[in-house]
Amino acid sequence: MSDEPGQHSVATAAVEESAAARARVRREARRKYLQVLAVIAVGGSLGATARYEAALLWPTGKAGFPWTTLGVNAVGCLVIGMFMVLITEVLTVHPLLRPFFGTGVLGGFTTFSTYCLDIARLARADRPGIALAYLAATVVIALAAAKTGMVAIRRILVTRGP
């Protein structure tokens, strides 16, 4: 204890104020985290719904080539390539747009889990050659689509000018 009166209360108040400030920072961080999770969930439900609708419009038979899944993944990769260029190189956007659209909508729309199930389904249907072709084609097409989206949007922006 100090000999000076009131010094203990000043030190105690400083510690309490510091603890309160840390608690406010934690609450704000938690609020931001929950906002991000919420927009990802909403975007994911929209993207998954769109993918489900595509599967209803263009169903694949048990032993058929999964054109719909391949197309959805290609379109999603094309759009993510364009989107990432726009939000990282061109536009200043709301901080929740990337998790909403990039992670949520496009993450729910593209379906690499179904891609894996399609490969297993084709293998079980005694179509291993088609399964391997689909496995390789999806990776190549997805990467090419993302790169195409990036290049295309950059060319559009250069042609359009400021």
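The values are calculated or read from the model by the stated rules, or taken from the named source; none is laboratory data. Predicted model, so just to flag it, every value in this text is computed and none were measured. Glycine also receives a Cβ, built like all others from the backbone with ideal geometry; neighbour counts cover every protein chain displayed. The area values use the complete protein model at the heavy-atom level, side chains included, leaving out ligands, DNA and RNA. Shrake-Rupley method; radii C 1.70, N 1.55, O 1.52, S 1.80 Å.
Here are a few things to note about the model shown:
- Scanning segment 121-150 for residues being within 26 Å of the chain's Cα centre (by Cα) and farther than 24 Å from residue 47 by Cα gives a total of 1.
- Here residue 73 meets the list (1) in contact with a Ser or Thr (Cβ under 6 Å, 6 or more places away or on another chain); (2) free of Cβ contacts under 8 Å to residues at least 40 places away in the same chain almost entirely, failing just condition (2).
- Considering segment 40-159, the qualifying helices (runs of 4 or more DSSP H), each wholly inside and each with 1 or more residues that are in contact with a Cys (Cβ under 9 Å, 6 or more places away or on another chain) and either open to solvent by less than 70 Å² (accessible area, probe 1.4 Å) or hydrophobic (A, V, I, L, M, F, W, C) (or both), run over 106-109.
- Among the conditions (1) under 29 Å from residue 36 (Cβ atoms); (2) modelled with pLDDT of 95 or more; (3) of a type in the set (A, V, I, L, M), residue 136 misses just one, which is (1).
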